[in-house]
1. With respect to Lys185, is the statement that it is basic (Lys, Arg) and open to solvent by 20 Å² or more (accessible area, probe 1.4 Å) true?
2. Of everything in region 258-281 that's aliphatic (A, V, I, L, M) and closer than 20 Å to Val179 by Cα, which residue is most open to solvent (accessible area, probe 1.4 Å)?
3. Report, by residue number, each residue of region 144-165 that is under 15 Å from the mean Cα position of the chain (by Cα) and either β-branched (Val, Ile, Thr) or farther than 24 Å from Gly247 by Cβ (or both).
4. Working carefully through the options Ser208, Ser197, find the one that is touching an Asp or Glu at 6+ places or on another chain (Cβ under 7 Å), modelled with pLDDT under 95, within 27 Å of Thr72 (Cα to Cα) and among the polar types (S, T, N, Q).
5. Could you tell me which of the residues Met160, Met141 is within 28 Å of Lys33 (Cβ to Cβ) and open to solvent by less than 20 Å² (accessible area, probe 1.4 Å)?
6. One residue is enough: does region 126-143 have a residue meeting the conditions outside any helix (DSSP H, G or I) and under 22 Å from Val220 (Cβ atoms)?
7. Among the candidates Gly205, Gly247, single out the residue that is on the phi > 0 side of the Ramachandran plot and part of a helix (DSSP H, G or I).
8. Out of the strands (runs of 3 or more DSSP E) lying entirely within region 32-104, which hold 1 or more residues that are within 28 Å of Glu155 (Cβ to Cβ), of a type in the set (Val, Ile, Thr) and under 14 Å from the mean Cα position of the chain (by Cα)?
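The values are calculated or read from the model by the stated rules, or taken from the named source; none is laboratory data. Treat the numbers as computed from the prediction; the structure is a model and nothing was measured. No Cβ is skipped: glycine too gets one built from the backbone with ideal geometry, and neighbour counts run over all protein chains shown. The protein model used for the area step is the full one, side chains on, heavy atoms only, and it has no ligands, DNA or RNA in it. Shrake-Rupley method; radii C 1.70, N 1.55, O 1.52, S 1.80 Å.
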Amino acid sequence: MAVLIFGYHLALPTFLEGNQVLYIARDFFGIKKVVYETDSNMRRLLHGDTLHGLESQDPALSGKPISYYHETGPVGDVMKLISDRPNQHVGVVGLGTGSMAGYFRPNRHVTFFDIDPQIYDIAEHFFTFLRRCSNSCDVIMGDGRLSIEKTPDSEFDVLMLDAFDSDSIPAHLVSREAVQMYLRKLKPNGMMLFHVSNRYMNVEGLVSALIVDASLEGLVRYDDDEEPTGKTSSDYVVAARRPEDLGALEHDENWSRVEKPSGIQPWTDDYSNMLKIVRWK
């Protein structure tokens with residue numbers, strides 16, 4: 001009887017605490033769930049117990065980036081900063097629900113890089129961001145670093161690294177050598193945007209160490225505002241070659257200067273130390 005109950009729980013949509021589980025998948029990269037929240041009328045993607053994106057089912061909000069990607073948050077600030085540039089190209093490592101596709105514009109193309117084919121299937125079939133974006137977005141499946149390395153130099157206005165919010169960190173994406181490669185792929189005034197929200201790891205400290213090591217200009221924003229519908233708190237670090245490349249963010253009181261962290265050394269392709277960034281409390 002216990003086996004049957006467990007099997008039905010996995011195989012059928014279930015209602016737990018007012019939420020309907022629409023889909024469950026598991027592979028080498030972990031367990032993914034798509035959940036419909038009846039109270040908020042939203043679909044959410046969970047990877048383990050970590051939220052990887054939301055989409056409202058309200059027609060007025062559907063297709064708009066919310067959760068960590070809300071227009072009033074750090075991502076919105078950076079997208080506004082580049083809004084007047086011609087022929088914009090935004091690269092995003094980590095597809096999730098495809099929320100960043102909600103920022104496509106006639107003059108802005110968004111390219112996603114993701115290694116998990118199940119995530120792509122979920123984004124295509126349970127969320128509308130990619131479908132709405134259509135030809136203004138594409139998804140390249142494979143290792144993010146290796147895939148970016150194959151793109152032309154001086155290609156991206158923004159390279160967003162959004163693969164660090166679970167309980168494991170892909171070390172090869174945040175090494176000294178990786179950052180140098182990302183810089184080659186950026187336009188002369190391009191920026192790197194790191195999503196550093198993480199309950200288990202001090203990703204901000206690690207990224208800050210890398211930015212200082214590379215002699216880049218860096219800013220961090222801690223956004224705890226969750227008042228807008230569907231918005232979740234988020235922390236981001238943005239980095240560029242020169243202060244002027246950061247534009248208005250340099251003088252925005254919501255953003256503060258990145259500082260060299262104590263006790264955290266920049267990772268390289270030959271060195272990483274997970275214990276140094278674990279949040280023990």
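1. Values: basic (Lys, Arg): yes; open to solvent by 20 Å² or more (accessible area, probe 1.4 Å): no.
Against the criterion (basic (Lys, Arg) and open to solvent by 20 Å² or more (accessible area, probe 1.4 Å)), Lys185 does not qualify.
2. First, the residues of region 258-281 that are aliphatic (A, V, I, L, M): 258, 264, 274-275, 277-278.
Within this subset, residues satisfying the condition of being closer than 20 Å to Val179 by Cα are 258, 264, 274, 277.
Working: Val258: 19, Ile264: 13, Met274: 69, Ile277: 1 Å².
For region 258-281, the residue satisfying everything is Met274.
3. Within region 144-165, the subset under 15 Å from the mean Cα position of the chain (by Cα) is 144-145, 158-165.
Those that are under 15 Å from the mean Cα position of the chain (by Cα) and either β-branched (Val, Ile, Thr) or farther than 24 Å from Gly247 by Cβ (or both): Gly144, Arg145, Val158, Ala163, Phe164, Asp165.
4. Numbers: Ser208 fails: modelled with pLDDT under 95.
Result of the check over Ser208, Ser197: Ser197.
5. Numbers: Met141 fails: open to solvent by less than 20 Å² (accessible area, probe 1.4 Å).
Criteria check complete, one pass: Met160.
6. We begin by selecting, within region 126-143, every residue outside any helix (DSSP H, G or I); these are 127-128, 137-143.
Those still in the list that are under 22 Å from Val220 (Cβ atoms) too: none.
Scanning region 126-143, I find no residue that is outside any helix (DSSP H, G or I) and under 22 Å from Val220 (Cβ atoms), so the answer is no.
7. Working: Gly205 fails: on the phi > 0 side of the Ramachandran plot.
Of Gly205, Gly247, the one residue that is on the phi > 0 side of the Ramachandran plot and part of a helix (DSSP H, G or I) is Gly247.
8. Numbers: elements: 42-47, 50-56, 88-93.
Fully inside region 32-104 and qualifying: 88-93.
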